[in-house]
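What follows is one structure encoded as structure tokens, with my remarks underneath.
The values are calculated or read from the model by the stated rules, or taken from the named source; none is laboratory data. Bear in mind the structure is a predicted one, so any value in this text is a computation, not a measurement. As a convention, Cβ positions derive from the backbone with ideal geometry for all residues, glycine included, and neighbour counts pool all protein chains shown. Areas reflect the complete protein model, heavy atoms only, side chains present, ligands, DNA and RNA absent. Shrake-Rupley method; radii C 1.70, N 1.55, O 1.52, S 1.80 Å.
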Amino acid sequence: MYEYRDAQFVVTGTEHWVAWPTRPRWQLVLGFAATAVFLPFWIVFGIVVFAGALAIGLATEVIAAVSSSYEKGFDTFMDRAFGRITRLPRWCVRWSELRHEGDTAYYRATIDKRLADWTARASAPRAPRKMPPTECEIPWRAYRGVGGHYVV
């Protein structure tokens, strides 16, 4: 079993097992507008961080060739930096959320499709030296309309 140190993976109570209440339309529209304004800056920031990390990595390649601890530390830094940049903040509202808020049939279909795709990949014949996926990670945004009990 994995131990998650990130607060978003720690579940206390039943809030993730039941469907979350529908958000008001004005809140969704406001969040979508803020996302549309924020997203270009977020993309440019991600490109700048990538270019900076690439420049630092190329400049310190000599140190990494000699020191394995430096290489491990730099890999950890890269994983943390890109892990945070590739995810949108929780307050962002995507177009699908704006259109399908409160539509449980849409959320059920989305979850069924994700689980069917994962099951097909996991049960496919195993290629040599390639392990099938063992975990199916579904983001909270995908099941907020039906709750975690439906996913399980």
Worksheet item: So Lys72 clears everything in (1) exposed (fewer than 13 other Cβ atoms within 10 Å of the Cβ); (2) more than 16 Å from Arg141 (Cβ to Cβ); (3) touching a residue at least 12 places away in the same chain (Cβ under 8 Å) except one condition, right? Which one?
Response: (3)
Discussion item. Going residue by residue through the stretch 21-30, is there one that turns out to be open to solvent by less than 80 Å² (accessible area, probe 1.4 Å), under 22 Å from Arg94 (Cβ atoms) and not in a helix (DSSP H, G or I)?
Written reply: yes
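Considering each of Arg141, Arg90, Arg129 in turn, give the residue that is in a loop (DSSP other than H, G, I, E, B), under 20 Å from Trp17 (Cβ atoms) and of a type in the set (D, E, K, R).
Working: Arg141 fails: in a loop (DSSP other than H, G, I, E, B); Arg129 fails: under 20 Å from Trp17 (Cβ atoms).
The conditions single out Arg90.
Just name the residue that is nearest to Arg90 (Cα to Cα) out of those in the stretch 135-152 that are of a type in the set (Phe, Trp, Tyr) and over 12 Å from the mean Cα position of the chain (by Cα). Before the answer, list the steps.
Of all residues in the stretch 135-152, those of a type in the set (Phe, Trp, Tyr) come to 140, 143, 150.
Those left that are additionally over 12 Å from the mean Cα position of the chain (by Cα): 143, 150.
Details: Tyr143: 14, Tyr150: 22 Å.
Taking the candidates together, the pick is Tyr143.
Is it the case that Arg114 is modelled with pLDDT of 80 or more, closer than 25 Å to Arg25 by Cβ and open to solvent by 70 Å² or more (accessible area, probe 1.4 Å)? Before the answer, list the steps.
On the way: modelled with pLDDT of 80 or more: yes; closer than 25 Å to Arg25 by Cβ: no; open to solvent by 70 Å² or more (accessible area, probe 1.4 Å): yes.
For Arg114, the condition - modelled with pLDDT of 80 or more, closer than 25 Å to Arg25 by Cβ and open to solvent by 70 Å² or more (accessible area, probe 1.4 Å) - is not met.
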Discussion item. For the stretch 60-79, check the following and say yes or no: at least one residue is in a helix (DSSP H, G or I), under 30 Å from Trp20 (Cβ atoms) and among the aromatic types (Phe, Trp, Tyr).
Written reply: no
Worksheet entry | Arg121 being basic (Lys, Arg), open to solvent by less than 80 Å² (accessible area, probe 1.4 Å) and modelled with pLDDT of 80 or more | no
